[in-house]
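*Asks:* Below is a structure I'd like to ask you about.
The values are calculated or read from the model by the stated rules, or taken from the named source; none is laboratory data. Note that the structure is a prediction, hence the values are computed from the model and not measured. Ideal geometry is used to build each Cβ from the backbone, glycine not excepted, and the neighbour counts take in all protein chains shown. Protein only, heavy atoms only, side chains kept; ligands, DNA and RNA dropped before computing areas. Shrake-Rupley method; radii C 1.70, N 1.55, O 1.52, S 1.80 Å.
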Amino acid sequence: QVQLVESGGGLVQAGGSLRLSCAASGSIFSINAMGWYRQAPGKQRELVATITNNGNTNYADSVKGRFTISRDNAKNTVYLQMNSLKPEDTAVYYCNALVAAIIKNYWGQGTQVTVSS
């Protein structure tokens with residue numbers, strides 16, 4: 001079992017920055033990749049960024065150059081540094097952990113990010 005807890009969401013004005021954190025616990029060594037997804041009202045959940053155990057990263061086109069995903073293995077935590085935030089970035093941001101051995105995705109509870117105009 002893997003438990004994920006997101007934090008760092010809040011209200012920020014356009015152009016500002018925010019850093020989200022996702023702390024993983026449980027069977028952390030079974031995790032193959034982690035990522036951030038977001039879901040805005042009336043929209044489907046979409047990929048924001050992912051990072052694999054070997055350090056490979058992937059970003060949605062809409063956030064490339066503005067967001068950076070990183071990890072701190074010592075703290076079992078993945079981060080999403082969000083810069084130059086836009087109102088369209090407003091969403092609930094969810095942390096995800098992939099356990100490939102059991103073809104299982106674990107989700108955190110989400111953290112709300114609101115970007116004002």
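*Asks:* Go through (1) under 17 Å from Ser21 (Cβ atoms); (2) modelled with pLDDT of 95 or more; (3) open to solvent by 30 Å² or more (accessible area, probe 1.4 Å); (4) not aliphatic (A, V, I, L, M) and name the single condition Asn76 misses.
*Replies:* Going through the list (1) under 17 Å from Ser21 (Cβ atoms); (2) modelled with pLDDT of 95 or more; (3) open to solvent by 30 Å² or more (accessible area, probe 1.4 Å); (4) not aliphatic (A, V, I, L, M), Asn76 breaks only (2).
*Asks:* Cβ-Cβ below 8 Å, separation at least six or inter-chain, first residue in region 33-59 and touching a residue at least 40 places away in the same chain (Cβ under 8 Å), second hydroxyl-bearing (Ser, Thr, Tyr) and in a loop (DSSP other than H, G, I, E, B): which pairs?
*Replies:* Taking only residues 6 or more apart or on different chains, the pairs are Ala40/Thr90.
*Asks:* Another one. Failed condition for Ser62, given (1) open to solvent by 30 Å² or more (accessible area, probe 1.4 Å); (2) within 17 Å of Gly10 (Cβ to Cβ); (3) in contact with a helix residue (DSSP H, G or I) (Cβ under 9 Å, 6 or more places away or on another chain), with all others met?
*Replies:* Failed condition: (2).
Here is a yes/no grid of residues against (1) in contact with a strand residue (DSSP E or B) (Cβ under 6 Å, 6 or more places away or on another chain); (2) open to solvent by less than 30 Å² (accessible area, probe 1.4 Å); (3) of a type in the set (D, E, K, R):
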position: Gly26; (1), (2), (3): yes, no, no
position: Asn32; (1), (2), (3): yes, no, no
position: Asp72; (1), (2), (3): no, no, yes
position: Ala101; (1), (2), (3): no, no, no
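*Asks:* Restricting to region 1-23, what's the tally of residues that are surrounded by 17 or more Cβ atoms within 10 Å (Cβ to Cβ) and either charged (D, E, K, R) or touching a Ser or Thr at 6+ places or on another chain (Cβ under 7 Å) (or both)?
*Replies:* 7
*Asks:* Name the single residue, out of those in region 103-117 being open to solvent by less than 40 Å² (accessible area, probe 1.4 Å) and out of contact with any Phe, Trp or Tyr (no Cβ under 9 Å at 6 or more places or on another chain), that is farthest from Thr68 (Cα to Cα).
*Replies:* Looking at residues that are open to solvent by less than 40 Å² (accessible area, probe 1.4 Å) and out of contact with any Phe, Trp or Tyr (no Cβ under 9 Å at 6 or more places or on another chain), I get Tyr106.
*Asks:* Restricting to region 34-45, name every residue that is open to solvent by 50 Å² or more (accessible area, probe 1.4 Å) and farther than 13 Å from Cys95 by Cβ.
*Replies:* Matches in region 34-45: Pro41, Gly42, Lys43, Gln44.
*Asks:* Consider region 2-32. How many of its residues are touching a Gly at 6+ places or on another chain (Cβ under 6 Å) and either free of Cβ contacts under 8 Å to residues at least 60 places away in the same chain or among the acidic types (Asp, Glu) (or both)?
*Replies:* Looking only at that region, the number is 2.
*Asks:* Do we have any residue at all in region 46-56 that's open to solvent by 50 Å² or more (accessible area, probe 1.4 Å) and not polar (S, T, N, Q)?
*Replies:* yes
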